[in-house]
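A.B. asks: Input: one structure, supplied below.
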Amino acid sequence: MHSDPNCIFCKIVAGQIPSRKVFENDEMLVFHDVKPWAPVHFLMVPKEHIPSMASVTEEHAGLLGRMMAMVPRLAAQEGCNPYPEGGFRVVANTGAEGGQEVHHLHIHVMGGPRPWLKG
Ligand code: DGP
């Protein structure tokens, strides 16, 4: 599996940097964002180093589909209120103009009662 030794999320995947884990399987790790914008805010990352959504191709369709299919269960588990009064936001910042700071593909899942710090 491709990994980048200088990538902070690869280091989290490898256990070299601690994180508050939400879920893990052989292809993805889910952990709480260190700077949450919302009462619930976690990040879903593929274990493989994919730099951004801009790098995604058809070969990643299964992986991304499985990641997205986990969102409702993990959002509920972490305390997002039920749809439609509750719900959550799913965001993949991509590139400088897309607001991406960490260049390892990650999906933000945010939810919980408003107001939020951002978004
Ligand atoms: P983005 O702007 O989409 O690239 O968001 C990167 C997010 O990653 C940001 O909300 C803060 C979070 N983050 C950065 N470094 C760490 C870290 O070392 N641990 C955790 N848990 N989150 C981090």
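A.B. asks: Average the reciprocal distances over every distinct pair of alpha-carbons in the chain, invert the result, and give the Kirkwood radius in Å.
C.D. replies: Working: mean 1/r = 0.0681 Å⁻¹.
Roughly 14.7 Å, rounded to one decimal.
A.B. asks: Okay, next question. Residue 101 to residue 66: FRET efficiency via 1/(1 + (r/R0)^6), r the Cβ-Cβ distance, R0 25 Å, to the nearest 0.05?
C.D. replies: Numbers: r = 25 Å, r/R0 = 1.00.
So, using R0 = 25 Å, E works out to roughly 0.50.
A.B. asks: With a cut-off of 8 Å between alpha carbons and a minimum separation of six or more residues, what is the relative contact order of the stretch 1-109 in percent?
C.D. replies: Values: 148 pairs, mean separation 32.0, N = 109.
Averaging sequence separation for qualifying contacts and normalising by length gives 29 percent for the stretch 1-109.
A.B. asks: Scan the stretch 1-107 for trypsin sites (Lys or Arg not before Pro) in coil per DSSP, keeping those whose Cβ has at most 10 other Cβ atoms within 10 Å, and list them by number. Display every interim value, and only then the final one.
C.D. replies: On the way: sites: 11, 20, 21, 47, 66, 73, 89; in loops: 20, 47.
When the trypsin sites (Lys or Arg not before Pro) of the stretch 1-107 are filtered for loop state and at most 10 Cβ neighbours within 10 Å, 20 remain.
A.B. asks: Once the Cα atoms of helix 61-77 and of the chain are each reduced to a long axis, what angle between those two axes, in degrees from 0 to 90 to the nearest 10, is obtained?
C.D. replies: That helix lies at roughly 30 degrees to the long axis.
A.B. asks: What nm distance separates the two modelled labels at residue 21 and residue 6, each placed 7 Å from Cα along Cα→Cβ?
C.D. replies: 2.8
A.B. asks: Could you pull out the longest piece of the chain with no exposed loop GluC sites (Glu not before Pro) in it, calling a site exposed if DSSP puts it outside H, G, I, E, B and it has at most 11 other Cβ atoms within 10 Å? Please report the intermediate quantities before stating the final value.
C.D. replies: Working: sites that count: 85, 97, 101.
By the stated rule (loop sites, at most 11 other Cβ atoms within 10 Å), 1-84.
A.B. asks: Run the dipole for the chain about the Cα centre, Lys and Arg Cβ at +1, Asp and Glu Cβ at -1, nothing else charged, and hand back the magnitude in debye, nearest 20.
C.D. replies: In debye, rounded to 20, the chain gives about 460.
Here, each number is a calculation from the coordinates, and none is a lab measurement. These figures come from a predicted structure and were not determined experimentally. When we count neighbours, we look across all protein chains shown, and the Cβ atoms used for this are built from the backbone with ideal geometry, even at glycine.
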